[in-house]
Structures are given as structure tokens and as C-alpha cells.
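Structure, as C-alpha cells:
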Amino acid sequence: MTELTIFGFVPRRVEHMSDFLRIHVLQEHGGIYIDNDILALKSIEPLRHYDHTQGIGLHGDGLSNGAIIAKKESILFNLWIEAYRTYKTFGKSDIRNNIRLWGYYSIHIPRMLLTIYPHLVHIESQTLIKPKPSVYMDKRRIKYVWENNYSIHVWQRLLTVPDSPEKIPDLPSESLLRQAMEYIWFDRKPLDMA
């Protein structure tokens, strides 16, 4: 069995390899990647004509790699993959300077590249990943999501997400998470959106 490496270096965490492979596979083949805790709310067809689309994540200063729609040979992916050549040299001094290894390569590098080359990516700042879990009970924000979002990231590391349809009623009735899960499992839109 071949050992997976990032430019010859065994990654420190499996998530790093996952991030690297994700952009490598999309670069080579194109397609759509979504994290397993993202719920689709409507078709992404309008986004497919762009060469590369990503959203802004939980931290407003970085791109989210939790939902990526890209054509093969995206220029941003070429640059992003090249940045991983420094992965092996990322050391303790970087960590002391409050730069986290995962966040650096996963969200900050693509954001820095986007600052230099804004024409390479179509940004969906509010409609692919957001809202943040802290506003899942905000009625105004929930209405916006139902009118505009392609998907939402349910942040299963931050929220208690039911593991079966029978447990959905355990969520607060006004919760965006409950509404989204009822929509997906039971084809039931919120009353004020029906």
C-alpha cells in the first residue's frame, strides 16, 4: 500500500491529507465537494457556470473548503497546491505566532491567493456555508436562509445534530437546524415559507 504524503512529507493529521487530496482531485477532475455536515437546500445549478466557487467560512477571514464547486484545472487550485510545498517546514515558530497549521493551509492560503487574484473565484459569502450556529434561532436570519441559501453547514462539531429522523423533534421548533432537517427528511418547509 502506498503511503499518502504531501510532497513527500507524511501529514501530521488525517484532516490535512483530506484537505490536500480534496483540492488535488478537484484540480484533476473538477466537480463538487461538500462536507458530510452540509445540507443542500436548493440546486446549485446557477453556480456551475463559474470556473470555481467557494463560500466564506465560520471565520470571516478565510475561505471555506467545506463546499467547493470547480471546473477541472482551476488556476486557484494550481496555486493552492503549490503552497503546500511549504507544509513540511511549517514549524513551532509558526504555531507560537498563533498560526494554526490546519487553518493556514485550509482557509488562509486560499484567502491570501484570492486577495491577489480575485478574478479566480466566485465567492458566495452568505449562501453556501453560513449562517453561523449562533444565529440558528434568529428569525430574520432564518428567513434569509430559506430565501437565498444553496446549503448550510450544520457544524456537527459545534451543534448536537440528530442521528436519525426520529430525533429531529428533540430540536427547538424555531431552530434553523430543525427546519432544514424536516425539509430534507419530510419535504416540509417552515410554515412561514410554505
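Summed over qualifying helices (DSSP H, 4 residues or more, each -39500 (n - 2.57)) and divided by its residue number, the chain shows a 222 nm mean residue ellipticity of -9000 deg cm²/dmol. In this Cβ point-charge picture (+1 for Lys and Arg, -1 for Asp and Glu), the stretch 64-194 has a dipole of about 540 debye about its Cα centre.
Which of the peptides 23-33, 70-80 is most tightly packed, and how do the rest follow, judged by the mean count of other Cβ atoms within 10 Å per residue? Display every interim value, and only then the final one.
Values: 23-33: 15.6, 70-80: 18.5.
Highest mean packing first, the order is 70-80, 23-33.
Dimensions of the stretch 1-136 along the principal axes, based on C-alpha atoms and rounded to the nearest Å, stand at 41, 35, 33, largest first.
The share of C-alpha pairs in the stretch 130-194 whose separation exceeds 19 Å stands at 22 percent.
The convex hull defined by the C-alpha atoms of the stretch 11-53 has an orientation-averaged projected area of 3.8 nm².
Measuring nothing but how far apart in sequence close Cα pairs (under 8 Å, 6+ apart) lie, relative to its length, the chain scores a relative contact order of 23 percent.
Each reported figure results from applying straightforward, stated rules to the coordinates on display, with no laboratory input. Treat the numbers as computed from the prediction; the structure is a model and nothing was measured. Ideal geometry is used to build each Cβ from the backbone, glycine not excepted, and the neighbour counts take in all protein chains shown.
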